[in-house]
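Taking it in order: structure first as structure tokens, then the write-up.
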Amino acid sequence: MQTGEGKAEEKFSSENHCNTKMATHMKRWSIAETRDLVEARFGRAHRDQVTPSLNSLADRLSHAQYHYEEIERLLNHFSELHLCTKPLIAVIYDEDESGRVDFELLMIAVAAHATACVLSLHAISDIAANATYHALGYSLRENAMPERDISAASVQRSFKDVPGHAPIAEVFSRMQSDPSYNIISALANKSKHQSIVKPLLNEDWTGSRPQRHEFRFSAFKYAGREIPEKTFNSVLEPAFELSNRTVIEIGNFLNEILADRTR
């Protein structure tokens, strides 16, 4: 994703490390080390149970980035075909209907990618909670939560008063209270349970904006909250950075805890 610090070049691999150039002060997280530490503490069978959730953290971030970059690619392609010499309104209402048809196809594809990007980002908190709960052996206890009840909120509550595990609860708490997460959560829940939030393609006629065309999420209402029209960039980029940072923080805390037998 494009940010003020340049293009993100995260390398997520279940066999290697999670890394970020958007937050260069942070350590890398070795997923392989987490798997090995889980096996050393709880055995091979438990490692095999935890591994899919650990890998899915990297996968979800990669999927979000893929969908975001596809939106950019689709817009660039449509612009090259139709918007170099004409305003958008002329393309849509031209007697030659090919432009209108391409526009309609563009909006279908962009809606699909934007929704998928939102859902991938929204899933990360609960996948991280599942991975953490299992990796630290909570699921092996007699009083383990039912699988359906494991979430970022429930794990945060379970960990906050546990010596040594409270820092992970704090990471979940910060994520859930972040404005970028709240917008993603509203978008995801609106899309899953009520209706897709339609994308808009906005065209600048003033010449004052660096990018003449930009996609936006339509204004919508969810859970009694009015959410105004927002650009894709202003919603997805902060949410991606938050998710990326959260995954690395939690991963490093997991490795510290698992390596320390007293915790």
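The values are calculated or read from the model by the stated rules, or taken from the named source; none is laboratory data. Here the structure is a predicted model, which is why all the values come from computation and not from measurement. Don't worry about glycine lacking a Cβ; one is built from the backbone with ideal geometry, like all the others, and counts go over all protein chains shown.
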Which pairs turn up if I take residues in the stretch 65-81 that are over 13 Å from Phe240 (Cβ atoms) and free of Cβ contacts under 8 Å to residues at least 40 places away in the same chain and look for partners that are in a helix (DSSP H, G or I) and of a type in the set (Asp, Glu) with beta carbon separation below 9 Å, at least 6 apart in sequence or on another chain? Phe78/Asp102; Leu81/Asp102
Might you let me know whether the stretch 75-85 holds any residue that is of a type in the set (Asp, Glu) and in contact with a helix residue (DSSP H, G or I) (Cβ under 9 Å, 6 or more places away or on another chain)? no
Only one of (1) of a type outside the set (Phe, Trp, Tyr); (2) modelled with pLDDT of 50 or more; (3) part of a loop (DSSP other than H, G, I, E, B); (4) under 18 Å from Asn130 (Cβ atoms) does not apply to Lys27, and that is (4)
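How many residues are assigned to a loop (DSSP other than H, G, I, E, B) and closer than 27 Å to Pro238 by Cβ when one looks only at the stretch 65-86? Can you show your working first?
Filtering the stretch 65-86 for residues assigned to a loop (DSSP other than H, G, I, E, B) gives 84-86.
Those left that are additionally closer than 27 Å to Pro238 by Cβ: none.
So the count comes out to 0.
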Within the stretch 211-253, residues being on the phi > 0 side of the Ramachandran plot and touching a helix residue (DSSP H, G or I) at 6+ places or on another chain (Cβ under 9 Å) number 1
Over the stretch 177-199, the set of residues of a type outside the set (D, E, K, R), outside any loop (DSSP other than H, G, I, E, B) and surrounded by 16 or more Cβ atoms within 10 Å (Cβ to Cβ) is Ser180, Tyr181, Ile183, Ile184, Ser185, Ala186, Leu187, Ala188, Ser191, Pro199
Note: among Ile248, Ile227, Ile184, just one is without any contact (Cβ under 8 Å) to a residue 60 or more places away in the chain and of a type in the set (Val, Ile, Thr), namely Ile227
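Test Val235 against the criterion of being more than 29 Å from His134 (Cα to Cα), not charged (D, E, K, R) and not in a loop (DSSP other than H, G, I, E, B), and give yes or no.
On the way: more than 29 Å from His134 (Cα to Cα): yes; not charged (D, E, K, R): yes; not in a loop (DSSP other than H, G, I, E, B): yes.
In short, yes.
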May I ask you to list pairs of residues, at least six apart or on different chains, whose Cβ atoms are under 8 Å apart, with the first in the stretch 139-151 being within 20 Å of Ser173 (Cα to Cα) and the second being assigned to a helix (DSSP H, G or I) and of a type outside the set (Ser, Thr, Tyr)? Ile150/Asp126; Ile150/Ala129; Ile150/Asn130; Ser151/Asp126; Ser151/Ala129
If you go through the stretch 177-190 one residue at a time, do you hit one that is among the polar types (S, T, N, Q), over 17 Å from the mean Cα position of the chain (by Cα) and over 16 Å from Asp126 (Cβ atoms)? no
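Identify all residues within the stretch 106-157 that are assigned to a loop (DSSP other than H, G, I, E, B) and crowded, with 24+ Cβ neighbours inside 10 Å; write none if there are none.
If we filter the stretch 106-157 for residues that are assigned to a loop (DSSP other than H, G, I, E, B), which is where we start, we get 136-137, 141-146, 150-151.
Scanning the stretch 106-157 gives a single hit, Leu136.
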